[in-house]
Amino acid sequence: MSEENSEQRGINIHFQPEQMAGVYSNFANISHSDYEFTVTFARVDHEVDSEEIPGVVVTRVNISPRFMRELIDAMEDNYSKWTTSEGIRNLPEYDGDEPGSDGEDGD
């Protein structure tokens with residue numbers, strides 16, 4: 001591998017202003033075909049006392065199998081970091097000063 005190819009590259013992602021806030025989802029459904037995974041995110045109203053729970057799809061994402069594996073790994077890594085942080089916060093001796101608590105997520 002040449003030196004030119006060994007340099008790390010970064011991704012420069014731009015958002016449209018209306019996308020900056022994101023969307024809220026409290027439900028996800030994952031399906032797959034031979035070629036891709038489909039993740040459907042929805043917002044459902046769990047407080048309804050009927051047999052059918054109303055909901056609305058907020059977005060649907062189609063993902064290649066390779067990217068799905070990378071996404072699962074990234075989610076597991078971040079969930080592990082979150083649970084560690086929550087565990088630290090729940091210790092009796094926690095005083096609110098944990099490393100990296102300056103608002104940065106460290107990634």
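Things worth noting here:
- Test for residue 41: is it touching a residue at least 24 places away in the same chain (Cβ under 8 Å), of a type outside the set (S, T, N, Q) and surrounded by 10 or more Cβ atoms within 10 Å (Cβ to Cβ): no
- The range 56-81 residues that are without any contact (Cβ under 8 Å) to a residue 12 or more places away in the chain, paired with ones that are of a type outside the set (S, T, N, Q) (beta carbon under 7 Å, 6 or more apart): 71/63
- Among residues of the range 1-23, those that are modelled with pLDDT under 85 and basic (Lys, Arg), counted: 0
Here's the yes/no breakdown for (1) farther than 25 Å from residue 19 by Cβ; (2) surrounded by 10 or more Cβ atoms within 10 Å (Cβ to Cβ):
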{"site": "48", "(1), (2)": "yes, yes"}
{"site": "65", "(1), (2)": "yes, yes"}
{"site": "69", "(1), (2)": "yes, yes"}
{"site": "75", "(1), (2)": "no, yes"}
{"site": "90", "(1), (2)": "yes, no"}
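- Entry remark, the range 7-55: residues being in a loop (DSSP other than H, G, I, E, B), within 21 Å of residue 69 (Cα to Cα) and of a type in the set (S, T, N, Q) number 1 in total.
The values are calculated or read from the model by the stated rules, or taken from the named source; none is laboratory data. Nothing here was measured: the structure is a model prediction, and the numbers come from that model. For neighbour counting, all protein chains shown are included, and Cβ atoms are generated from backbone atoms with ideal geometry for every residue, glycine included.
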